[in-house]
Amino acid sequence: MRKVFVDTNIVIDLLLQRAPFYEEAAQLFSLADKNQIELFVSALTIANTSFTLLRQMNANKTKSVLRKLKLIITVLPLDDKVIDLALNDETFVDFEDALQYYTALEGNQELIITRNLKDFKNVKLPILTARQFIETL
């Protein structure tokens, strides 16, 4: 089964049903729900998503949404090695993107799904949008 790392923006697109990106995010997560792919996120994604959801809903609802999400994703650790790699990388402008990238790389992911393709230049892993990935299946 393919190991697919999902960037925070895709998770938030799904959970907040952000147009026009919701449909492709929903299709991606549906593939995981049907055990056709395996989805992974960084621990950072859970924290950032919680922060974003709390602006839209109360703490109990946010935790409930995250518990449901956790049923179809695997959370990869944000550890000392990942932080060191991101801190010492000079190709990423955005530190958060470097953390995501190195979490995926250290987690042996096949590719990264994001809407921000331009933020992941000159990297070793394939970078696709959710739509691009779905079109490859």
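The values are calculated or read from the model by the stated rules, or taken from the named source; none is laboratory data. Nothing here was measured: the structure is a model prediction, and the numbers come from that model. Positions of Cβ are backbone-derived with ideal geometry, glycine not excepted, and every protein chain shown enters the neighbour counts.
Here is how the numbers come out for the structure above:
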read-out	value
Boolean, Leu99 is surrounded by fewer than 21 Cβ atoms within 10 Å (Cβ to Cβ), of a type in the set (A, V, I, L, M) and under 14 Å from the mean Cα position of the chain (by Cα)	no
Selection from region 52-68 of residues that are exposed (fewer than 10 other Cβ atoms within 10 Å of the Cβ) and either touching a residue at least 40 places away in the same chain (Cβ under 8 Å) or closer than 15 Å to Thr8 by Cβ (or both)	Arg55
Exclusive hit being over 16 Å from the mean Cα position of the chain (by Cα), at pLDDT 95 or above and aliphatic (A, V, I, L, M), set Leu39, Leu66, Leu44, Leu54	Leu54
Every pair of residues 6+ apart whose Cβ atoms lie under 6 Å, when the first sits in region 9-27 and is closer than 12 Å to Thr114 by Cα while the second is buried (at least 18 other Cβ atoms within 10 Å of the Cβ) and of a type in the set (Gly, Ala, Ser)	Ile10/Ala25; Ile10/Ala130; Asp13/Ala25; Glu24/Ala130; Ala25/Ala130
Subset of region 123-133 [of a type in the set (S, T, N, Q) and either at pLDDT below 95 or not in a loop (DSSP other than H, G, I, E, B) (or both)]	Gln132
Test: Ala25 is closer than 18 Å to Leu137 by Cβ, touching a helix residue (DSSP H, G or I) at 6+ places or on another chain (Cβ under 7 Å) and hydrophobic (A, V, I, L, M, F, W, C)	yes
Every residue from region 69-87 that is surrounded by 15 or more Cβ atoms within 10 Å (Cβ to Cβ) and within 15 Å of the chain's Cα centre (by Cα)	Leu69, Ile72, Ile73, Val75, Leu76, Leu78
